Amino acid sequence: MTKTKRWWIIAGAVVGGILPPISLYTILQAKPEYTAIQRIDPEYMLDLNFQILSMGMLGNGIVFFAALRFNKEDAAQGVLMSSIIWLLLIAIVKFVWKP
C-alpha cells in the first residue's frame, strides 16, 4: 500500500467518522422539538433516536458517492469503513440498549 493511498483512506475514515455527529447536531438545531419529545415519552424517543441517527448517515452517503464521482476510491473506502462502524453502533443502540 502506498503512502498516498493510505493517506486517502485515513482522510476518508476521519471525514466519515466526524460527519455523522455534525449531521446530528445540524438536525437537532433545525428541529429542537426532538429534544422536547424525550421529556414526554422516552420509549418513543428511542425509536426517534434510531431514525435521527440513521439520518445522520446521509452525510456519509453523500461524501461516499462524491468521492467515487471524483475517482477517489481510497477516500470512499475510508468513508465506507467508518460508516460500517457507525451503523454497528446504531444497531447496538436500537436492539441492545434499552433504558
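The values are calculated or read from the model by the stated rules, or taken from the named source; none is laboratory data. These numbers were taken from a predicted model, which means no experiment stands behind them. Every residue, glycine among them, receives a Cβ derived from its backbone with ideal geometry; neighbour counts consider all protein chains shown.
Considering each residue of the stretch 81-99, count those that are surrounded by fewer than 15 Cβ atoms within 10 Å (Cβ to Cβ), in contact (Cβ under 8 Å) with a residue 24 or more places away in the chain and over 22 Å from ILE10 (Cα atoms), and give that number. Going through the stretch 81-99 one residue at a time, the tally reaches 3.
Scanning the stretch 31-79 for residues that are modelled with pLDDT under 75 and outside any helix (DSSP H, G or I) returns a single hit, ASP41. Whenever a residue of the stretch 16-35 is touching a residue at least 24 places away in the same chain (Cβ under 8 Å), its partners that are surrounded by 14 or more Cβ atoms within 10 Å (Cβ to Cβ) and outside any helix (DSSP H, G or I), lying with C-beta atoms within less than 7 angstrom and at least six residues away or across chains, give the pairs PRO20/MET57.
Within the stretch 73-80, does at least one residue satisfy the condition of being free of Cβ contacts under 8 Å to residues at least 12 places away in the same chain and on the phi < 0 side of the Ramachandran plot? Lay out the reasoning, then the answer.
Going through the stretch 73-80, the residues free of Cβ contacts under 8 Å to residues at least 12 places away in the same chain turn out to be 73.
Subsequent filtering for residues that are on the phi < 0 side of the Ramachandran plot retains 73.
Scanning the stretch 73-80, I find at least one residue that is free of Cβ contacts under 8 Å to residues at least 12 places away in the same chain and on the phi < 0 side of the Ramachandran plot, so the answer is yes.
Filter the stretch 1-15 down to residues that are buried (at least 16 other Cβ atoms within 10 Å of the Cβ) and either free of Cβ contacts under 8 Å to residues at least 24 places away in the same chain or not small (Gly, Ala, Ser) (or both), then give me how many there are. Give the steps one after another, and end with the answer.
Start the filter on the stretch 1-15 by keeping residues that are buried (at least 16 other Cβ atoms within 10 Å of the Cβ), which leaves 8-9, 11-13, 15.
After this cut, where a residue has to be either free of Cβ contacts under 8 Å to residues at least 24 places away in the same chain or not small (Gly, Ala, Ser) (or both) as well, the list is 8-9, 15.
Count: 3.
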